[in-house]
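S.K.: Structure in structure tokens, see below.
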Amino acid sequence: MSLDDMSRRANDPRYISGIYNYCDSWCERCAFTDRCLNFAMRIEFEELAEEARAEREAEDSLAELLDPLDIIEELDSPADANEDAQTADQHDWEMDEFMAEEERISERASTHPLVQAAEAYIGMANDWFEFGHGQERLASGPHYLISPEPAVEGLETQSQEIRDAIDVIRWYLFFISVKLQRALRGLESEARDPDFGDDMPKDSDGTAKIALIAIDRSTGAWATLMNAYPERRTTTLPILALLARLRHDLEVEFPAAWAFIRPGFDEIDDAQD
């Protein structure tokens, strides 16, 4: 697929511009996959990769494939002017400085109290399910939910409601921390940009909003498990309390998050009327 083909696709009215930036990446449960350019390109790239494997050229072919999301973001952004060769060295220096500052921003985000709380939640969830202990934890790392099936004695996924609750917890377990870090990085980057207007929608708010949604859905899932397994109430309540505090602190840090209009998800599409 050429860049011209991708550009034409990006301008196709069937696709909602930027919808993939503020979703939960749970494509199997999304009603907008047919309106999402990232999903369409992901499927196409997967098909290309499968063809490459069939031809025993997978390694070379996959190395040449670009990340579809990176391509989309490039298509959505204004094209950069061609650099003058005489300014290349200056550009390289500025890029090095930019990358160094971005690394510092990422480090600050990873140690922010919001992220630390999200990381603590990961550990509490693992402990609740009794996953990641002993040799399994050593082999898998400290933040890995070992199995899709609960290991707690007597905990059986007998109903679809309970299975759905566990699926929700698993899906958003790491997602919350990742999105919080992105939101915090965005917040700092926006503050450093003098050209970013206060009246413009902020990516950090949109990212914080999907983190809030993930927290709410996780909270509902844990409430389902607490009702189903009242004997584990003393270990479930602290998780619910942590999520409630995390939600409150996130709303304080990003007071405009809930007002952010996510493309497709939070707006009425006239084309669907």
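S.K.: Once you have the Cα-Cα distance between ARG232 and ARG104, take 0.36 nm times their residue separation minus that, and quote the gain in nm to one decimal.
M.R.: Once the chain is fully extended between ARG232 and ARG104, it gains 42.0 nm.
S.K.: Pulled fully out, how much extra length does the chain show between ALA31 and ASP164, if you take 0.36 nm times their separation in residues and subtract their Cα-Cα distance?
M.R.: 46.1 nm
Every read-out reported here was derived from the displayed coordinates using simple, explicitly stated rules and does not represent laboratory data. Fair warning: this is a prediction, and the values are worked out from it, not measured in the lab.
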